[in-house]
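Take a look at the structure set out below.
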Amino acid sequence: MDDIKVISRALAGAEKTVLIGFPGSGLVGSIALQYLVDQMDFEQVGAITSKYFPPVALMTRGVINAPVRIYEKDHIAAIISDVPIHPMICYEVANGIMNWLTQFDIQEIVTVAGIITNEPEKRVFGVATSSGTLHRIEDQTIILPMGSISGIAASVLTECKTRGIPGIGLLGETVNTPDPRSSAATIEVLNKIYNLNLDTKPLLEQAVEIEAAMSQIAEQVQKTEAAPRREQLPMYG
């Protein structure tokens with residue numbers, strides 16, 4: 001636990017649900033949960049630091065923000081990261097987070113992440129640590145019949161399994177670019193499971209802006225690549 005430092009007040013209340021989102025494919029978990037805590041006025045109650053995290057200081061309007069933050073409102077807590085976790089240290093980070101969480105009365109843990117497919121849809125796939133927990137999401141997600149998941153979400157779910165804590169994985173179908181549409185789809189599943197009634201329309205409007213910006217950048221790159229540059233000209237006649 002010395003390598004993972006949690007600086008936070010204690011989580012309040014009993015039977016807490018903890019939502020966890022780290023950067024991954026499409027940034028699905030980070031986008032979804034940051035939108036959730038902002039829109040629902042969650043209170044930031046702590047932060048997590050570690051020698052394993054990239055040496056990056058993120059800021060908003062000149063104010064430094066912790067890269068991994070802990071939020072809370074009523075019976076839900078959320079852990080959100082702006083920095084990716086290298087596969088080599090996923091176990092250490094997941095274990096450190098779980099060691100801290102198990103001090104409290106945790107009902108279940110939900111990881112939100114992305115899964116890359118070759119389809120244009122924004123489906124949400126579901127996994128769980130037990131058949132009983134899986135039953136709760138069968139009507140809201142597409143259950144993955146077999147295969148594997150990786151990254152910090154997989155490490156957290158493995159820790160849930162070994163510690164006997166109910167764990168759910170929501171995997172939004174995505175591409176490997178920031179994907180608010182996939183994040184919105186996972187929020188809709190959270191709405192159904194926990195009766196959040198969170199409006200995803202503003203997030204979908206943001207998706208249109210992001211996609212338009214990406215399309216413009218792609219056009220600019222195409223034009224740049226089409227035009228011969230001095231360094232691309234042959235050295236000999």
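Overview of results
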quantity	calculated
1.4 Å probe accessible area per residue over the stretch 75-135, in Å²	45 Å²
C-alpha long axis of helix 151-163 to longest principal axis of the chain, angle in °	10 degrees
Along each principal axis, Cα extent of the stretch 147-205, largest first, Å	40, 29, 16
Net charge of Cβ neighbours under 11 Å - reference residue 109; Lys, Arg +1; Asp, Glu -1	+1
Rounded, prolate or oblate (a/c below 1.5 giving rounded, otherwise prolate when a/b exceeds b/c) for the stretch 38-79 by Cα gyration tensor	oblate
Amide H partners (placed H, <5 Å) of residue 19, local residues excluded	77, 78, 79, 110
For residue 6, solvent-accessible area (1.4 Å; no DNA, RNA or ligand), Å²	30 Å²
C-alpha long axis of helix 201-226 to longest principal axis of the chain, angle in °	30 degrees
Fraction of accessible area attributable to carbon and sulfur, the chain (%, probe 1.4 Å)	53 percent
Built amide H within the under 5 Å cut-off of residue 137, gap 5+	none
In Hz, Karplus ³J(HN,Hα) per residue of the stretch 53-65 (6.51, -1.76, 1.60; θ = phi - 60°; x = Gly, Pro)	6, x, x, 10, 10, 8, 9, 10, 6, x, 9, 5, 10
Three-way shape call for the stretch 1-67 based on the alpha-carbon gyration tensor, with the a/c threshold at 1.5	rounded
Cα-based shape type of the chain, given that a ≥ b ≥ c are square roots of the gyration tensor eigenvalues and the cut on a/c is 1.5	prolate
Neighbour cut-off at most 14 other Cβ (10 Å), DSSP loop, trypsin sites (Lys or Arg not before Pro), the stretch 1-99	9, 51, 61
Reach of residue 201 by Cα under 19 Å, taken over lysines that are not fewer than 8 positions away in the same chain	122, 192
Whole-Hz couplings from phi, Karplus 6.51/-1.76/1.60, listed for the stretch 105-113; x for Gly and Pro	7, 9, 7, 6, 10, 10, 9, 10, 8
Extension gain, residue 212 back to residue 143 (0.36 nm per residue minus Cα-Cα distance, nm)	21.6 nm
Simple spin-label estimate for residue 52 and residue 91 in nanometres, 7 Å along Cα-Cβ	1.0 nm
With Cα atoms, 0 to 90° folded angle of helix 180-194 axis to the chain main axis	10 degrees
For residue 186, net neighbour charge (Lys/Arg +1, Asp/Glu -1) across residues whose Cβ lies under 13 Å away	+1
Förster radius 35 Å - calculated FRET efficiency between residue 197 and residue 3 (Cβ-Cβ, nearest 0.05)	0.35
Hz values of 3J(HN,Hα) by residue in the stretch 84-92 - Karplus curve (6.51, -1.76, 1.60), Gly and Pro given as x	x, 10, 5, x, 5, 10, 4, 4, 4
Amide H contacts of residue 11 (H built 1.01 Å from N, under 5 Å, at least 5 apart or other chain)	none
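The values are calculated or read from the model by the stated rules, or taken from the named source; none is laboratory data. Since the model is a prediction, treat every value here as computed from it, not as a measurement. Every residue, glycine as well, gets a Cβ built from its backbone with ideal geometry; the counts of neighbours run over all protein chains shown. Surface areas here come from the heavy atoms of the whole protein model, side chains and all, with no ligands, DNA or RNA. Shrake-Rupley method; radii C 1.70, N 1.55, O 1.52, S 1.80 Å.
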